[in-house]
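These notes are about the structure you will find just below.
Read-outs: derived from the displayed coordinates by stated rules, not from any lab. Values in this document were obtained by computation on a predicted structure and should not be read as measured data. Neighbour counts run over all protein chains shown; Cβ positions are idealised from the backbone, glycine included.
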Amino acid sequence: MVHVLFAHTAATDYMSGPPVGAPPTHGMRERVPVGLRQALMTAAAAWISYESTKRVGLREGYWAAISAIVVMQANLDDTRHSARDRFIGTAIGGVIAWTCAAGWHGHVWVYALAVGVTVFSCWVADVSNAGRLAAVAVTVIVLIPRDEAIWQVALFRFLEVSWGIAVAVGIVYFWAWAGALFKASAVRHEPPPSTRN
């Protein structure tokens, strides 16, 4: 039990790394395993979020897959922040798009105003990074023609995006927990210092 608790608390240490966009500081030998880990986690998140949407009653699984790919970062903290921004941005964008659609009637200025209000709302809410994603949500909901009621479109986009976010964050947490557990197990099985050469 203690080892499991240690692994859980050490999970953030295992997945810590340089911030996104930081220049590479290691050689190819160090980048290959990190790149492989990132590729596997991203592919798993995209696949699982897309395939599972049908089982949870969502129709357009590609939004879940796109969201999973967008939020997946090189370390746990950056993934959590990215997930938060994507979630808040989609929520703000969905609400504003729903409101915008009521007065849309093909007027591009209404759409442009909605995009501006969306980005401004994110800045006021102190989640400026979410502004671009919220504007994307407005664009997708307002400009793509649908046969459904606009509230259904907004709701389903929000649910699909949220599902992708949840899957991506779950995979990152699982990977971090499993990696920390593996490290803890390896430390436990190291020979005592007196028997080492």
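Worth pointing out:
- Mean Cβ neighbour count within 10 Å, used as a protection proxy, ranking 35-44, 125-134 highest first: 125-134, 35-44
- Extent along the principal axes, Cα only, for the stretch 109-166: 34, 33, 13 Å, with the longest axis given first.
- R0 of 35 Å, Cβ-Cβ distance K54-V187: FRET efficiency to nearest 0.05: 0.25
- Note on R132/R80: beta-carbon distance plugged into 1/(1 + (r/R0)^6) with R0 of 22 Å gives a FRET efficiency of 0.75.
- For the stretch 45-133: span of alpha carbons on each principal axis (Å, largest first): 38, 30, 16
- Under the convention that each Lys and Arg Cβ holds +1 and each Asp and Glu Cβ holds -1, the size of the dipole of the stretch 38-197 around its Cα centre is about 340 debye.
- Total charge dipole magnitude, the stretch 59-146, about the Cα centre, Cβ charges on Lys, Arg, Asp, Glu only, Debye to nearest 20: 200
- Residue-by-residue Karplus 3J(HN,Hα) for the stretch 173-184, coefficients 6.51, -1.76, 1.60, Hz, glycine and proline x: 4, 4, 4, 5, 5, 5, x, 5, 5, 4, 4, 4
- Karplus (6.51, -1.76, 1.60) ³J(HN,Hα), θ = phi - 60°, over the stretch 87-101, in Hz, Gly and Pro reported as x: 5, 5, x, 5, 5, 5, x, x, 5, 5, 5, 4, 5, 4, 4
- Cβ crowding within 10 Å averaged over residues, with 107-115, 141-149, 176-184 ranked highest first: 176-184, 107-115, 141-149
- Note on E30 and W104: the model spin-label points, each 7 Å out from Cα along the C-beta direction, lie 4.9 nm apart.
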